[in-house]
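Undergrad: Below are the structure tokens for one structure; questions will follow.
The values are calculated or read from the model by the stated rules, or taken from the named source; none is laboratory data. The shown structure was predicted, so the numbers you read here are calculated from the model rather than taken from an experiment. Don't worry about glycine lacking a Cβ; one is built from the backbone with ideal geometry, like all the others, and counts go over all protein chains shown. Side chains are part of the model used for accessible areas, which takes the heavy atoms of the whole protein and leaves out ligands, DNA and RNA. Shrake-Rupley method; radii C 1.70, N 1.55, O 1.52, S 1.80 Å.
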Amino acid sequence: MSETNREGKRTARERMAEERERQKARDKRRRVLLVSATVVAVLALAAVVGLLAANSGDDKKKDTSGPVVAPKGASGDGGLAIPLGKDGAKSKLTVWEDFRCPACKQFEDMYRSTINELTTQGKLKVEYHLATLIDGNMGGSGSLRAANAAACAQDAGKFAPYHDELFKNQPPEPDDAFGNNHKLLDLAGKVDGLVTDTFKKCVNDGGHDAWVGKSNEAFQKAKLRGTPTVLLDGKDIFADQKNPLTPQKLKAQVEKADQ
């Protein structure tokens, strides 16, 4: 075989290999887009189904009596929101969540990096509202105990990292592992500087239990569609199930508003 023919076959093989790599890359992008679209669709459906759950939940058996002590820096109507980000941000995200809620974990896992990036850049302010929906539906006290611990973390200026740890380590929905304060304190150990005597006392004494109860009452009275309910500048990002606000669209919309 001549040197020219060998070179021609080698070049053809290289072209075929390059085309296979390009096709793999296209297939990977399609899979990523498909998975993202599926998760967003599941979240949108969960928001609708959550309305039924919200209306059926009954937290009257939970002891949230006592003085309402809001965590440091709480804002919003009645001081029932935990803020994250700069007050001067041109876009605001309102998030209603339950730490035992599987759909809330899906939302956090998918949107967390985008939200953290935008808040760090000062382009987005987030107001977190905590609910105890799953306690009412499944029994137990994990939603309440985790929400109280998160409020205690807010007192220590550590809400955001502890909030993320709770969702990253969320037990299965029927498992009331968060009802155990020892579990919550163990997870707090993953956040630098959070576990102090003051924090442990707040968690064990239920220092913000009554505040969590008020927050959940506000959730019930608002007749929201369930958890997570996520509003960008007052508009439900999952209202249009055919065109929900993906993380990419959220980033683009917030950045456009910031210009």
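Undergrad: Looking only at region 240-254, which residues are surrounded by 14 or more Cβ atoms within 10 Å (Cβ to Cβ) and closer than 23 Å to residue 101 by Cα?
TA: Across region 240-254, the qualifying residues are 244, 245, 246, 247, 250.
Undergrad: With the structure loaded, tell me whether residue 116 is in the same structural domain as residue 213 (by the TED database) and more than 14 Å from the chain's Cα centre (by Cα) or whether it fails that test.
TA: For residue 116, the condition - in the same structural domain as residue 213 (by the TED database) and more than 14 Å from the chain's Cα centre (by Cα) - is not met.
Undergrad: Hey, another quick one. Out of 218, 257, 222, 188, I need the residue that is open to solvent by less than 60 Å² (accessible area, probe 1.4 Å) and either charged (D, E, K, R) or more than 21 Å from the chain's Cα centre (by Cα) (or both). Which one?
TA: Matching residue, one of 218, 257, 222, 188: 257.
Undergrad: For region 117-138, give me the residue count where each residue is open to solvent by 30 Å² or more (accessible area, probe 1.4 Å) and under 18 Å from residue 170 (Cβ atoms).
TA: 2
Undergrad: Please indicate, with yes or no, whether at least one residue in region 197-208 is closer than 23 Å to residue 107 by Cα and among the aromatic types (Phe, Trp, Tyr).
TA: No, every residue in region 197-208 fails to be closer than 23 Å to residue 107 by Cα and among the aromatic types (Phe, Trp, Tyr).
Yes or no, residue by residue, for (1) touching an Asp or Glu at 6+ places or on another chain (Cβ under 6 Å); (2) closer than 30 Å to residue 256 by Cβ:
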residue: 107; (1), (2): no, yes
residue: 134; (1), (2): yes, no
residue: 143; (1), (2): yes, no
residue: 156; (1), (2): no, no
residue: 159; (1), (2): no, yes
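Undergrad: So which residues in region 203-259 are in contact with a Pro (Cβ under 8 Å, 6 or more places away or on another chain) and in a helix (DSSP H, G or I)?
TA: Listed by number, the residues that qualify are 210, 211.
Undergrad: Answer yes if at least one residue in region 146-153 is in contact (Cβ under 8 Å) with a residue 40 or more places away in the chain and either of a type in the set (Lys, Arg) or more than 24 Å from residue 201 (Cα to Cα) (or both), and no otherwise.
TA: Checking region 146-153: not a single residue is in contact (Cβ under 8 Å) with a residue 40 or more places away in the chain and either of a type in the set (Lys, Arg) or more than 24 Å from residue 201 (Cα to Cα) (or both).
Undergrad: Moving on to the next point. Kindly provide the set of residues from region 166-186 that are part of a helix (DSSP H, G or I) and under 19 Å from residue 209 (Cα atoms), ordered by number.
TA: Across region 166-186, the qualifying residues are 166, 177, 178, 179, 181, 182, 183, 184, 185.
Undergrad: Could you check residue 162 against (1) over 23 Å from residue 83 (Cβ atoms); (2) free of Cβ contacts under 8 Å to residues at least 40 places away in the same chain; (3) among the hydroxyl-bearing types (Ser, Thr, Tyr) and say which number it fails?
TA: (1)
Undergrad: Residue by residue through region 215-259, note down the ones that are of a type in the set (Phe, Trp, Tyr) and either over 28 Å from residue 146 (Cβ atoms) or modelled with pLDDT of 95 or more (or both).
TA: 219 - this is the single residue of region 215-259 that is of a type in the set (Phe, Trp, Tyr) and either over 28 Å from residue 146 (Cβ atoms) or modelled with pLDDT of 95 or more (or both).
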